[in-house]
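Participant: Can you read through this structure? Questions will come right after.
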Amino acid sequence: MSAKWVSMPEYEFDQLGRRIARLRAQRGWTQQVLAERLAMSRVAVSLLEMDRSLPSERTVTLLAGLFKLEPLELVEGTYYPEVKAERLPAVACRYTETELQLALLRADLAWLSRLEGHTDWPRLAREVKQRWRETLEALTATVRDARERRNIEEAYDELRQGAIPM
């Protein structure tokens, strides 16, 4: 019985490890950074990237989420075994809690800017800004990732800028 591999007819087979290495490098991450995000060793990441180790379905799902892909997108056109690919979830979490909260903050700030001139605007602006300061403080206390910390600092700056009262 021969093994079947996940593939797309219009693509040549690609090495999954090479794809993982390319996606990691595009984000400016070291193997150590990727290893920390996956809760595995740097050596394990190195083995994956050299195609010396086949990632589990769990690892493929985590990688897909980190690279903002669906699990099947990550393994399409590679030599990843079809029997393993069939067990992959259809979707993966693509965003961190910080990314979600910062998107919600920006939506609230846009909403506030549309309300400017309304009689309750100063009160609403103070309340919303206070709630977001508290949310950002809580995120800052839990976030370890340097990129996410920079994004939180930028969000603080957005709160301080503009004509929104404190």
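Participant: Classify the range 97-160: rounded, prolate or oblate, from the alpha-carbon gyration tensor (a ≥ b ≥ c, eigenvalue square roots; a/c under 1.5 rounded; otherwise prolate if a/b is larger than b/c)? Please list the in-between numbers first.
Facilitator: Values: a/c = 2.84, a/b = 2.28, b/c = 1.25.
Prolate, since a/c reaches 1.5 and a/b exceeds b/c.
Participant: So for the chain, taking the charge dipole from beta-carbon charges (+1 Lys/Arg, -1 Asp/Glu), which of ALA107, VAL45, TRP121 sits furthest toward the positive end?
Facilitator: Toward the positive end, the furthest listed residue is VAL45.
Participant: Please check the chain for the longest run free of chymotrypsin sites (Phe, Trp or Tyr not before Pro) that are loop-located per DSSP (anything but H, G, I, E, B) and have at most 13 other Cβ atoms within 10 Å. Intermediate values should be presented prior to the final figure.
Facilitator: Details: sites that count: TYR11, PHE13, TYR95.
So the longest stretch without any such site is 14-94.
Participant: Which FRET efficiency value, to the nearest 0.05, do you get for ARG150 and ARG114 by plugging their Cβ-Cβ distance into 1/(1 + (r/R0)^6) with R0 = 30 Å?
Facilitator: On the way: r = 28 Å, r/R0 = 0.93.
For R0 = 30 Å, the calculated efficiency reads 0.60.
Participant: Compute the length gained on full extension between MET40 and ALA138: take 0.36 nm times their separation in residues and subtract their Cα-Cα distance, giving the result in nm to one decimal. Show your work: numbers first, answer last.
Facilitator: Working: separation 98, 0.36 × 98 = 35.28 nm, distance 2.65 nm.
32.6 nm is the gain from fully extending MET40 to ALA138.
Participant: What is the spin-label model distance, in nm, from SER53 to GLU99 if the labels are put 7 Å beyond Cα along the C-beta direction?
Facilitator: With each label point 7 Å from Cα toward Cβ, the separation is 2.4 nm.
Participant: Skipping prolines and chain starts, which residues have an amide H placed within reach, meaning under 5 Å, of the one on ASP14, given they are 5 or more residues away or on another chain?
Facilitator: Amide H neighbours of ASP14, under 5 Å, 5+ apart: THR78, TYR79.
Participant: Something else: With +1 on each Lys and Arg Cβ and -1 on each Asp and Glu Cβ, and nothing else charged, work out how big the dipole of the chain is about its Cα centre, in Debye to the nearest 20. Before the final figure, lay out the partial values.
Facilitator: Working: 26 positive and 26 negative charges, 77 e Å.
With only Lys, Arg, Asp and Glu charged at Cβ, the dipole is about 380 debye.
Participant: Label 7 Å along Cα→Cβ of ARG22; the range 56-75 residues with amide nitrogen under 20 Å?
Facilitator: Output list for this probe position: 60-75.
Where a number appears in this text, it was derived from the coordinates with a stated rule and is not lab data. Everything quoted here is computed from the prediction, not taken from an experiment. Because the Cβ atoms are built from the backbone with ideal geometry, glycine has one as well, and the counts that use them run over all protein chains shown.
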